[in-house]
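The values are calculated or read from the model by the stated rules, or taken from the named source; none is laboratory data. What you are looking at is a predicted structure, and each value in this text was computed from that prediction instead of being measured. A quick note on method: Cβ atoms are made from the backbone with ideal geometry, for glycine too, and the neighbour counts reach across all protein chains shown. In case anyone asks, the SASA skips ligands and DNA or RNA and just uses the protein heavy atoms, side chains included. Shrake-Rupley method; radii C 1.70, N 1.55, O 1.52, S 1.80 Å.
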Amino acid sequence: MLPRIKSKIFGDPIAEEETPLKCRAMSSLQKSILKSRLPPTGLSYPNRMTSRKSRDYTPTTWDLYFKEKHSVVVSETDTFCAYTAGEEGNPILCLLHGGGFSALTWSLFAQEVTGMVHCEVVAIDLRGHGETVTSNDDDLSADTLARDVGKVVEHLFRDRPEPVLLMGHSMGGAVAVHVAHMDLIANLVGVVVIDVVEGTAMEALTSMQSFLRGRPSTFNSLEHAIEWSVRSGQIRNCESAKVSVPGQLKSIKTGEVGVTMISHEAGSSNSIACTEILEEESEVDGEKEKAAEQPEMPPPGEEEKNGFTWRIDLRKTEQHWPSWFQGLSQTFLELPVDKMLLLAGIDRLDKALTVGQMQGKFQMQVLSHCGHTVHEDSPDKVASIISNFLVRHKLAEPCENFERSVPAC
């Protein structure tokens, strides 16, 4: 029997390969040839590891991927940040991020999908996340988050007849299902949920506090945070991490969100203030000042004052976690719109969804070699899947470079 050589790179096993026994011994001729190719003694060459160019973790700005940034004022105390891409007059993709992330988690996906089908993309910073400011950032109950999304969409597209597709990742996927179930968007035609299943999500809640405590609580710089995110595997796509991570952090010293600081330094000029308040007739004096305020920080240690910490402390929102996922599978199956479930692994499917998928109640797609942030790790593949879903259901028109694919799980 032939021996096997198993290799590991950075802790990840790679495929084994057969190695013939005769290849293990080197002939005298081979040895002499190799010796003749060796450099003369006494010469020094730079170490390959030290001379290799290090990876760039410099943060990038949102306007490389989105067309405009909107400040949507929905009440006297609540102002939501939303990013848009694509052209008006086309079907609308409303994107909802997962817990702890921000709208910028969709940056690369937005760029890819708008190049495949004619659509308009809007990505929203949910309550307590990114540059959104509310009176109670810790109220992350499913109903509150769903109503927030309904208000933002109504404000941005109230007079628009175009169909709307809701797409959410993790917590955002659960919120998308609740928005559809509560009928908060008039022109809703479809729901896409990314890597969230009721059964596995409820089981994971018991270990969520341990996971959150295991993360670094502070970072010396945005570059440090981006590097940690990539090296830890939280986000496997470095380009995506460079634009996504700054929206997840805020300055310990000033409370300013990382993406805001980057925009100021870069001089981004595509921001639009939407100051009209839904169901309100007048503005309150000083409202703009309230909208610009950031939540107060606990007094940091003297050595941490110039660093960064997480934009939201998810540990304080534990009471709301069950509301995101309880009854999610059945609610998803009962939605009277086109549905898709996109997973990072088939093992995440629970019983209700397994039966529903066998009955053809929704389309399912599994992407291997991806982490939990599927849309960040493989934005091109996810964009292709969503584009084909839109075209197949006649919800959007393809662009010239569109490539059709057969759905598979």
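So here's what we get for this one:
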read-out: Residue-span extension gain [residue 253 to residue 221] - 0.36 nm each, minus C-alpha spacing; value: 10.3 nm
read-out: Point-to-point label distance, residue 401-residue 326, nm (Cα→Cβ direction, 7 Å offset); value: 4.8
read-out: Model label zone, residue 187; criterion: amide N under 13 Å from point 7 Å along Cα-to-beta-carbon; scope the range 118-147; value: 119-122
read-out: Where the range 84-133 is the region considered: accessible area per residue in Å², 1.4 Å probe; value: 19
read-out: 10 Å beta-carbon shell around residue 259, net charge (K/R +1, D/E -1); value: 0
read-out: Listed residues 138, 350 arranged by accessible area, highest first, probe 1.4 Å; value: 138, 350
